[in-house]
Amino acid sequence: MADGPVADPPLSKEEEEEEEEEETTSDELPQLSINDDAKAERETEAASDPSLYRYIKEDLFTSEIYKVEIRNLPKFIGFNDLKKFLAKHAINPHKIKLLSKQTFAFVTFKNEEERDKAMKMVHGLQWKGQVLSVRLAKPKADPILRKRKQEEEEEEATGGQPPPKRTDGDDEEEPLSVQIANAVTPLWNVPYEEQLRRKEQEVVGVLQRLAKEMGSTNKAMLPWLFAQKGKYNKMCCPLEDIRPSPTQTAYRNKCEFLISAGADGEDKTIGFRLGKYKGGSCAVVGPAETCHVSAEAKRVVSEFQTFIRTTPYSVYSPETYEGHWKQLTVRTTRSKQAMAVAFFHPQKLEEEEVEALKDSMRRHFTAGEGKDSGITSLYFVREGQRKSPNVEDLPCELVSGESCIHEELLGLTFRISPHSFFQVNTGAAELLYSAVGEWAQLDQDSTVLDVCCGTGTIGISLAKRVKKVIGIEMCREAVEDAKVNAQLNGLSNAEFHCGKAEDVFPNVLNAVVSPSITAIVDPPRAGLHSRVILAIRRAEHLKRLVYVSCNAKAAMNNFVDLCRAPSNRVRGAPFRPVRAMAVDLFPQTMHVEMLLLLERVDYRSHQANGSAGEDTGSSL
């Protein structure tokens, strides 16, 4: 369900960077404390240089203010081990940073309640012979301000002389068009056949690793696994040839562009970030010479850049939290419709000024210089003071044009709203969904559960073959689109539920009475919540599962948990993988979509079912 490489979204600093964490002070194991004194201590630590931690004082969302340090972890554990351990205790972190070769980790949460719950539950727990300890952790320093401070200190040390420029032939010596291509489409200069080979090898590695994990978590499958690995190059199931994208360039129907200072010195530039925030860079380069962005989207960016340069409002600065223009999201369709969504921080502007800006935008794109931009749906979003990491929580104000755009896929029509998920490569998505329909082995008695359904594309594309389609999606806009899409395509056997999959799916599944149920899941990068996996395992009338993964490595826990041996906690017969395939939805990048078909083990016909309590290292 990934969108592939895009510009960084207009979120907090914590979301915009992936830098290494710094170790907090105190070598002694701390005592649990979440009172005011402990919070004051954390703020005192941050106050060692307040300018580097200014962002936590702003009234913006950042999980850095809900960060804890877990100490005394067992040696040799990995990220997935810690993630499984926290999930086992119903702890839902926003972000985990496990320092390599260290026995401590930093974990952030979305709010104070979740952080405090985690501190109370984890502190004092025993894990592999180690008694865990938890304390509040200081936030990390703003990387841009930290880099600037280091440069100032270097200048002072050299008598006011700036540090020498790099002359080692690195990316700074390359043309900007090459630098931005390397940043957003790193395989742009690799022949397409070689790109496909590399991606297929990535999937081979995933399936080989899954075979190993299954062998350690379900001993009863070892004889079957041994035979599979012998036949399929140490993989747990056969891997079909990768399906190439019908088009390798200009394929993206959605791009998220940052608005910032241009790397070429031009102000108010719309494009992709040249470097990472952690590297101290906010400069962007326009998409004119990028190979994955469509001509229609490039035209919208060019016209919108012209417009914002006529306004008196500056670009938003993530280091000072001043300025206004933040991001432009552009969505296009095969029928040449285009949606533009402008993200703007009003700061302390009066409502009259914001309304005047919207009027100016409307005039520019309906009767002014931008009337030929191709925009058919223009939205304005006030970034304001966000309290949530989810962009879907921000209301979109329609400035001009239609409220939605429409796309054709597999002969069907789909309505798309600003926040709704729709695969970014329409042609390749048709290949993907066709394979899903083939693998699902459906008939007129089948019920399809479409989990993380977005605008309903998968379920609706299969609806005429089955008795019923039930979709689940947490984005309310997408659910409304899915309902409309069912009507647009003359379907009366599809229903859609709004909510988190882990909250909705168990109840929906228990209510389904059907001789043939197939689940199709297309979750975000991190995979399905463990509660969804538990519900799937318990529902033994669900015999077939088609898993669509945009990040198979991140979904590995899901795959393993679906296949592990039954236990008192993980009830129901396990699944096993029987078929896999890669589909290239993201040419010029290393991202690839993986399709995995899993079928329930029938204990009535398989003697090697093991004991119900055999479960080594369950993560659920």
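The values are calculated or read from the model by the stated rules, or taken from the named source; none is laboratory data. Since this is a predicted model, take the numbers as computed values, not measurements. Don't worry about glycine lacking a Cβ; one is built from the backbone with ideal geometry, like all the others, and counts go over all protein chains shown.
The figures follow:
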read-out: Top-ranked residue in region 192-247 [being more than 22 Å from Val601 (Cα to Cα) and β-branched (Val, Ile, Thr); ranked as surrounded by the fewest Cβ atoms within 10 Å (Cβ to Cβ)]; value: Thr247
read-out: Cβ pairs under 6 Å, 6+ apart, first in region 337-351 and in the same structural domain as Ser302 (by TED's automatic domain parsing), second among the hydroxyl-bearing types (Ser, Thr, Tyr); value: Gln337/Thr376; Ala338/Thr332; Ala338/Thr376; Met339/Ser377; Val341/Thr329; Val341/Tyr379; His345/Tyr316
read-out: Val284 being at pLDDT below 95 and surrounded by 22 or more Cβ atoms within 10 Å (Cβ to Cβ); value: yes
read-out: Matching residues, region 443-474, being assigned to a strand (DSSP E or B), among the β-branched types (Val, Ile, Thr) and buried (at least 24 other Cβ atoms within 10 Å of the Cβ); value: Val448, Val451, Val469, Ile470, Ile472
read-out: Residues located in region 212-224, provided they are hydrophobic (A, V, I, L, M, F, W, C) and in contact with a strand residue (DSSP E or B) (Cβ under 9 Å, 6 or more places away or on another chain); value: Met214, Met221, Trp224
read-out: Residues located in region 79-136, provided they are closer than 14 Å to Val68 by Cα, assigned to a strand (DSSP E or B) and among the polar types (S, T, N, Q); value: Thr108, Ser133
read-out: Filter pass, Gly454 being among the small types (Gly, Ala, Ser), out of contact with any strand residue (DSSP E or B) (no Cβ under 7 Å at 6 or more places or on another chain) and at positive phi; value: no
read-out: Top-ranked residue in region 450-461 [being among the hydrophobic types (A, V, I, L, M, F, W, C) and at pLDDT 95 or above; ranked as nearest to Ala539 (Cα to Cα)]; value: Ile458
read-out: Within region 295-327, tally of residues that are touching a residue at least 12 places away in the same chain (Cβ under 8 Å), of a type in the set (Ser, Thr, Tyr), more than 23 Å from Arg363 (Cβ to Cβ) and surrounded by fewer than 23 Cβ atoms within 10 Å (Cβ to Cβ); value: 2
read-out: Test: residue in region 260-274 that is basic (Lys, Arg) and in the same structural domain as Glu322 (by TED's automatic domain parsing); value: yes
read-out: Condition check for Ile180: modelled with pLDDT under 85, under 30 Å from Thr589 (Cα atoms) and surrounded by 12 or more Cβ atoms within 10 Å (Cβ to Cβ); value: no
read-out: Considering residues of region 75-88 that are touching a residue at least 12 places away in the same chain (Cβ under 8 Å) and loosely packed, with under 12 Cβ neighbours inside 10 Å only, the residue farthest from Arg564 (Cα to Cα); value: Lys75
read-out: Condition broken by Thr103, with the remaining ones in (1) more than 27 Å from the chain's Cα centre (by Cα); (2) modelled with pLDDT of 85 or more; (3) of a type in the set (S, T, N, Q) satisfied; value: (2)
read-out: Residue check, Tyr321 at positive phi and at pLDDT below 95; value: yes
read-out: Residue in region 532-555 that is nearest to Arg600 (Cα to Cα), counting only those that are of a type in the set (D, E, K, R) and assigned to a loop (DSSP other than H, G, I, E, B); value: Glu540
read-out: Any hit, region 246-265, residues being touching a Cys at 6+ places or on another chain (Cβ under 6 Å), closer than 30 Å to Val592 by Cα and part of a loop (DSSP other than H, G, I, E, B); value: yes
read-out: Phe365 being outside any helix (DSSP H, G or I), at pLDDT 95 or above, in the same structural domain as Trp325 (by TED's automatic domain parsing) and surrounded by 19 or more Cβ atoms within 10 Å (Cβ to Cβ); value: no
read-out: Contacts under 8 angstrom Cβ, first residue in region 413-441 being outside the structural domain of Ile517 (by TED's automatic domain parsing), partner buried (at least 20 other Cβ atoms within 10 Å of the Cβ), 6 or more apart; value: none
read-out: Top-ranked residue in region 556-596 [being free of Cβ contacts under 8 Å to residues at least 40 places away in the same chain and assigned to a helix (DSSP H, G or I); ranked as surrounded by the most Cβ atoms within 10 Å (Cβ to Cβ)]; value: Asn558
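Here is a yes/no grid of residues against (1) among the aromatic types (Phe, Trp, Tyr); (2) touching a helix residue (DSSP H, G or I) at 6+ places or on another chain (Cβ under 6 Å); (3) over 23 Å from Ala555 (Cα atoms):
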position: Val484; (1), (2), (3): no, no, yes
position: Ala494; (1), (2), (3): no, yes, yes
position: Val504; (1), (2), (3): no, no, no
position: Ala519; (1), (2), (3): no, no, no
position: Asp522; (1), (2), (3): no, no, no
